[in-house]
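No value in this document is a laboratory result; all are computed from the given coordinates. Computed from a prediction, not measured in an experiment: that's the story for all the values here. Every residue, glycine as well, gets a Cβ built from its backbone with ideal geometry; the counts of neighbours run over all protein chains shown.
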Amino acid sequence: MARLEAKDMLSTDMAADLVGTTRVTINAWIAKGRAIGLTQPRRGFKLPSWQFEPALWDAVPKLSKALGTNEGWVLLAFLETPSGALGGLTPRQAIEQGHLARVVEVAGAEGY
C-alpha cells in the first residue's frame, strides 16, 4: 500500500482541483475507465497525477478498453511494469515517447 502514499498520488478532491472539475466527475471518470483510481482502505480513491498529462490522458481510456478493465490497480500495474514487447520500457514510458498505438497493441495482445 506504499504506492498509495507516493508523492505522485492525489485525492479525488486534489485531482478535481487540478483539472478544474468536481469530485463527482472524477469518480464518474474512474467508473468509466477514463481515469485511474486506486481503491484504498479508507473511503475514496487515490489517483496518479501523471495521468492528467496530455499524452497519458488520451491513453487511459484506450488502455482500459484494450485491457478489458477499469480497475485502477490493474491499469497502474500495466503502465508501471517494464515490458519486453516494448524494449524493456514501461508502457507509461513508451506512451510518453510517442508510442501509444504500440502500447495499446501490447495491452490487447498480452491478455492482461
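Sites listed here are GluC sites (Glu not before Pro) in the range 43-110 whose DSSP assignment is loop and whose Cβ has at most 14 other Cβ atoms within 10 Å: 110. The candidate values were [x] 59, 16, 6; [y] 23, 14, 13; [z] 60, 20, 16; the one computed from these coordinates for semi-axes √(5λ) of the Cα gyration tensor in Å carries the label [y].
Applying the criteria of a DSSP loop state and at most 12 other Cβ atoms within 10 Å to the trypsin sites (Lys or Arg not before Pro) of the range 32-108 yields 42, 43. The calculated 222 nm mean residue ellipticity attributable to helices in the chain amounts to -14500 deg cm²/dmol, summing -39500 (n - 2.57) over DSSP H runs of n ≥ 4 and dividing by all residues. By the rule of a C-alpha distance below 18 Å, with chain neighbours fewer than 8 residues away ignored, the aspartates and glutamates paired with residue 46 are 5, 8, 13, 17, 71, 80.
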